[in-house]
Amino acid sequence: MKIALFGSTGPTGKEVIKQALEAGYGVTAFARNPEKLQEFKHEKLKIIKGELSDREAIEDAIRGADGVISVLGPSGNVKNTALSDGVQNIVDAMKKLGVNRIIALATPSVKDVNDRFDFKFRFLVALVKTGVRGAYDEIVRIGDIVRSSGLKWTLVRVGLLNDKSVQPVKVGYYGHGLLSVPISRASIAKFMLDQVTTTDYIRKAPGISN
């Protein structure tokens, strides 16, 4: 099994690399700054340096992959669409190369028809929308791009992240009384990796929490 990973140098991306290598997967990590991955030395890890605007480098990362995992997301507020444009480049490269499976990280800002009203998550979304509108717009646009891609996609929506170990995960939709807000990065990584080999959530956008 070979995974192409985008967003590899952040805490969640590093957790995906760690768990994927432990599972025996091959990982191609796309990174603007490969030096941030110096802690990983493994024969099954390949690092490709590039920007999300570099279509050729993106294709190099995706070529031969069984699936793509994206943990890309805005860090703080943003004032352009470079991130979502990059996700569109990833989708385009996948279509060109015949790689169909993508699992992408999202947040409650990305709505789903199965959601119901949930005050705690609606409040979180309102904070993001009013406080960092550029980030909110990018999160929503990334969700729209993945959903409309025509690929075998899964959007994994998460609340507030922490650095705890892998914990049992609740999976569902907002407003049904199941999901809480906290989720560990390790739990996210495990859930996303599990989706590469299962069809349970293809073309679905579940929320997950601990």
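Any read-out appearing in this document is the output of simple, stated calculations on the displayed coordinates, not a laboratory observation. Owing to the predicted nature of the structure, the values given are computational and were not obtained by experimental measurement. Note: ideal-geometry Cβ built from the backbone for every residue, glycine included; neighbour counts use all protein chains shown.
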Discussion item. Please report the antiparallel percentage of the DSSP beta bridges confined to the chain, to the nearest 5.
Written reply: 10 percent
Worksheet item: Under unit Cβ charges (Lys, Arg +1; Asp, Glu -1), what dipole magnitude, rounded to 20 debye, does the range 74-210 have relative to its Cα centre?
Response: 100 debye
Worksheet item: So how much slack lies between D194 and A23, counting 0.36 nm per residue of separation and subtracting their Cα-Cα distance, in nm?
Response: 60.5 nm
Worksheet item: Can you work out the FRET efficiency for the pair R63 and M1, with r the C-beta to C-beta distance and R0 = 22 Å, to the nearest 0.05?
Response: 0.90
Practice prompt. Return the single residue from K164, K49, K14 with maximal mean-square fluctuation; model: Gaussian network over the chain, springs between Cα atoms under 10 Å.
Written response: K164
Worksheet item: What area, in nm² and to one decimal, does the C-alpha convex hull of the chain cast on average over all directions?
Response: 10.6 nm²
Fill in: Cut-off 12 Å between beta-carbons: net charge of the residues surrounding T107, Lys and Arg +1, Asp and Glu -1
+1
Worksheet item: In a GNM of the chain with a 10 Å cut-off on Cα contacts, which of S187, S109, S53 has the highest mean-square fluctuation?
Response: S53
Item to complete: For n ≥ 4 DSSP H runs only, could you compute -39500 (n - 2.57) per run for the chain, divide by its residues and tell me the 222 nm figure to the nearest 500?
Response: -11000 deg cm²/dmol
Item to complete: Just need the relative contact order of the range 133-210 here, percent rounded to a whole number, with Cα pairs under 8 Å and 6+ apart.
Response: 39 percent
Worksheet item: Pick from G172, G98, G24: which is most flexible by mean-square fluctuation in a GNM of the chain where alpha carbon atoms under 10 Å apart are linked?
Response: G24
Fill in: Whole-number percent relative contact order across the chain, with pairs defined as alpha carbons under 8 Å at least 6 apart
20 percent
Fill in: Options V78, G64, G98, ranked by Cα towards positive dipole end of the range 2-209, top entry (Cβ charges)
V78
Discussion item. Only four residue types carry charge here, +1 at the Cβ of Lys and Arg and -1 at the Cβ of Asp and Glu. Report the dipole size of the range 5-49 about the Cα centre in Debye, rounded to the nearest 20.
Written reply: 160 debye
Discussion item. Could you tell me which residue out of I145, V110, F30 lies farthest along the dipole of the chain toward its positive end? Charges go on the beta carbon: Lys and Arg +1, Asp and Glu -1, centred on the Cα centre.
Written reply: V110
Fill in: Approximate spin-label separation K41-K152, in nm, with each point projected 7 Å along Cα-to-Cβ
3.7 nm
